[in-house]
Amino acid sequence: MIRFTTAGESHGESLVVVVEGIPAGLIIDVKEINVELARRQRGYGRGERMNIETDTAKILSGMRHQRTIGSPIAITIANKDFKNWTDVMSPSSSASCGKALLRPRPGHADLAGLMKYGVNDFRDILERASARETASRVVAGAICKVVLKEFGIKIMSYTLQIGNIKADISSIKENKIWQDSEKSDIRCPDKLTSKKMMELIDEARTKGDTLGGKIVVIAKNIPVGLGSHTQWDLKLDGRLAQSLISIQAFKSVEFGAGTKLAELFGSMSHDEIFYNKTKGFYRKTNRAGGIEGGMSNGESIVITCTMKAIPSLVNSLHSVNLATKKMAKAEAVRSDVCAVPAAGVVAEAAVAIELAKALTEKFGSDCINDMKNNVNSYKERLKAI
């Protein structure tokens, strides 16, 4: 089974990710991983740190000559900013820990983490709670995307909304959505709306404020039957939702029509089933978002995620000084004004990991060629239904 774990602090020496369960015999070029890392760093509204870091993956184990060998794949991403934080973030020396952070930010892990772990200031908490950790997830997702690519599965995302500005993609052809999104600084395929979104981000930056929004992730060419109805923790939508909601600042996840289904009669809520010899079974609508009964149904998986505004504001919110217990402004920590465009890339990674995991559970994960044979055999069986 595919699984991954990450380690590292935001301003530590490096980030580390270990990915297990990747089939042997898969060709992975580190350039593909670095392309995904570069996509994560782009986006209108990113902060000063993106001018410092140029994330590059270094593969330490699990591969020979660009080919996976079935053992755990270990990868590091150096933090170039560590040179400016060596004394504060050294894992071994007894150097000064720097100024204690005692004014927790509302909406962040600062206060709850400090209370839980019994530390003297919340530097220990923010360093790990930081969205810098998502670079590791993007690496794991990039590897899983290579697995999915072997089976014709493609994952894309785009920015649907920033603040109160929402895109209209109804007139954009599906095959252009990804291309236009990648060309946009805001990762939105609606050019007119993109401009308005960037203007709103500029307004927030001027005010010392931040913005959230919504992103849409689409996975295409998914085989029927990933996930299972047999146990609650095997349901594909449940697993995807958990993975996505764990991304920093994500507050809701919707499949297909999502919350709009609350307004509809049953006759308008579900996707009627049709059949022809060429397509087999298919739907003309996709309100379910490609998942029924916890299993993929063969349609595209469509997920909308809501990200709140980042809690690190230049114009800080009210908080309490933990030493004096008096009212104070929260710590002003360097951050993005808006990270929604980058969050779409992280969400793609989360979806890729869960889909690759479900794929290997159903079709095996020891050898990529055996896996392909199993998928082909399964598809032939489905044709006979």
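We did not get these values from a lab; they are worked out from the coordinates using the rules stated. Only a predicted model underlies this, so the values are computations on that prediction, with no experimental measurement involved. We place every Cβ from the backbone using ideal geometry, glycine too, and count neighbours over all the protein chains shown.
A few remarks follow.
- Some residue of the range 257-271 being surrounded by 13 or more Cβ atoms within 10 Å (Cβ to Cβ), acidic (D, E), more than 22 Å from the chain's Cα centre (by Cα) and in a loop (DSSP other than H, G, I, E, B): yes
- Tally of residues being out of contact with any Cys (no Cβ under 8 Å at 6 or more places or on another chain) and either in a helix (DSSP H, G or I) or closer than 14 Å to I155 by Cβ (or both) across the range 217-230: 6
- Members of the range 338-371 that are surrounded by 24 or more Cβ atoms within 10 Å (Cβ to Cβ) and either assigned to a loop (DSSP other than H, G, I, E, B) or more than 28 Å from the chain's Cα centre (by Cα) (or both): C338, A339
- Selection from the range 13-32 of residues that are among the charged types (D, E, K, R) and either in a loop (DSSP other than H, G, I, E, B) or within 13 Å of I77 (Cβ to Cβ) (or both): E13, D29
- Of the residues making up the range 231-241, one or more are assigned to a loop (DSSP other than H, G, I, E, B), free of Cβ contacts under 8 Å to residues at least 12 places away in the same chain and out of contact with any Phe, Trp or Tyr (no Cβ under 9 Å at 6 or more places or on another chain).
- Within the range 106-150, the residues that satisfy the criterion of being under 30 Å from D29 (Cβ atoms) and either without any contact (Cβ under 8 Å) to a residue 12 or more places away in the chain or assigned to a loop (DSSP other than H, G, I, E, B) (or both) are S130, K149, E150.
- Annotation note: Cβ proximity below 6 Å between a residue of the range 276-289 that is β-branched (V, I, T) and a residue that is surrounded by 14 or more Cβ atoms within 10 Å (Cβ to Cβ) (sequence gap 6+ or interchain) occurs for T285/D271.
- Pairs linking a residue in the range 181-195 that is closer than 14 Å to D168 by Cα to a residue that is assigned to a loop (DSSP other than H, G, I, E, B) and small (G, A, S), with Cβ atoms under 8 Å and 6 or more positions apart or on different chains, are R187/G43; C188/A167; P189/A167; D190/A167; K191/S184; T193/A167; S194/A167; S194/S184.
- Taking each residue of the range 360-384 that is among the hydroxyl-bearing types (S, T, Y) and looking for partners that are assigned to a helix (DSSP H, G or I) and surrounded by 13 or more Cβ atoms within 10 Å (Cβ to Cβ) with beta-carbon atoms closer than 8 Å, six or more apart or interchain, yields T360/V147; T360/M371; S365/M371; Y378/K362; Y378/F363.
- Taken residue by residue, the range 92-105 has no member that is in contact (Cβ under 8 Å) with a residue 12 or more places away in the chain, buried (at least 18 other Cβ atoms within 10 Å of the Cβ), outside any loop (DSSP other than H, G, I, E, B) and not polar (S, T, N, Q).
- Candidates S300, S319, S312 - the one that is of a type outside the set (A, V, I, L, M, F, W, C) and closer than 23 Å to E254 by Cβ: S300
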